[in-house]
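> Here it is, the structure, as structure tokens.
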């Protein structure tokens, strides 16, 4: 049975979707952009700030589901400029540990609210 996951420590959904859905020991986290949960404002001073905020948001949802960043099996990263690929790798190497999650990085033309990065994730947790 699917169970919605919600935490006020991550941004509320900006449309008709859940922050995350749990099915058994698998959790599917919706795309996260660099919204600051407490204010709803964008953390977009720099690309590094955006990427860090996105990972913070993912981490808070992981915690609410009973896990952490190390429980992420698959991460999808959407960038409006693939030239930021190396910057993403640097930030990920500081926030994630080995074995790193499987990952796809895709360049797209636009993201919600004009941000430069969005990530979604699939994690596995103990039930």
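> Would you be able to tell me the number of residues in region 39-54 that are touching a strand residue (DSSP E or B) at 6+ places or on another chain (Cβ under 7 Å), under 22 Å from residue 6 (Cβ atoms) and surrounded by 20 or more Cβ atoms within 10 Å (Cβ to Cβ)?
So the answer is 1.
> May I ask you to list the residues in region 101-127 that are closer than 22 Å to residue 20 by Cβ and outside any strand (DSSP E or B)?
101, 108, 111, 112, 113, 115, 125, 126, 127
> State all residues of region 73-93 that are touching a helix residue (DSSP H, G or I) at 6+ places or on another chain (Cβ under 7 Å) and closer than 20 Å to residue 27 by Cα; if no residue qualifies, say none.
Residue satisfying the conditions is 77 alone.
> Are there any pairs, at least 6 apart or on different chains, whose C-beta atoms fall under 9 Å, with the first in region 20-40 and without any contact (Cβ under 8 Å) to a residue 24 or more places away in the chain and the second in a loop (DSSP other than H, G, I, E, B), and if so, which?
23/1; 38/8; 38/9
> Determine, yes or no, whether residue 80 is more than 15 Å from the chain's Cα centre (by Cα) and either surrounded by 14 or more Cβ atoms within 10 Å (Cβ to Cβ) or on the phi > 0 side of the Ramachandran plot (or both).
Taking the combined requirement at face value, the residue satisfies it.
> From the residues in region 11-38 that are in a loop (DSSP other than H, G, I, E, B) and touching a strand residue (DSSP E or B) at 6+ places or on another chain (Cβ under 7 Å), which one is surrounded by the most Cβ atoms within 10 Å (Cβ to Cβ)?
Residues of region 11-38 in a loop (DSSP other than H, G, I, E, B): 11-19, 24-25, 33-34, 36-38.
Then keep just the ones that are touching a strand residue (DSSP E or B) at 6+ places or on another chain (Cβ under 7 Å); that gives 11, 13, 17-19, 25, 33-34.
Numbers: 11: 22, 13: 14, 17: 11, 18: 16, 19: 20, 25: 14, 33: 23, 34: 27.
The extreme case among them is 34.
> Now for a separate question. Would you mind finding the one in 90, 98 that is surrounded by fewer than 19 Cβ atoms within 10 Å (Cβ to Cβ), part of a helix (DSSP H, G or I) and either at pLDDT below 95 or on the phi < 0 side of the Ramachandran plot (or both)?
90
> Would you mind stating whether residue 67 is assigned to a loop (DSSP other than H, G, I, E, B), modelled with pLDDT of 95 or more, in contact with a strand residue (DSSP E or B) (Cβ under 7 Å, 6 or more places away or on another chain) and surrounded by 14 or more Cβ atoms within 10 Å (Cβ to Cβ)?
Yes: the conditions hold for residue 67.
The values are calculated or read from the model by the stated rules, or taken from the named source; none is laboratory data. What you see is a predicted model, and the numbers here were worked out from it, not measured in a lab. Ideal geometry is used to build each Cβ from the backbone, glycine not excepted, and the neighbour counts take in all protein chains shown.
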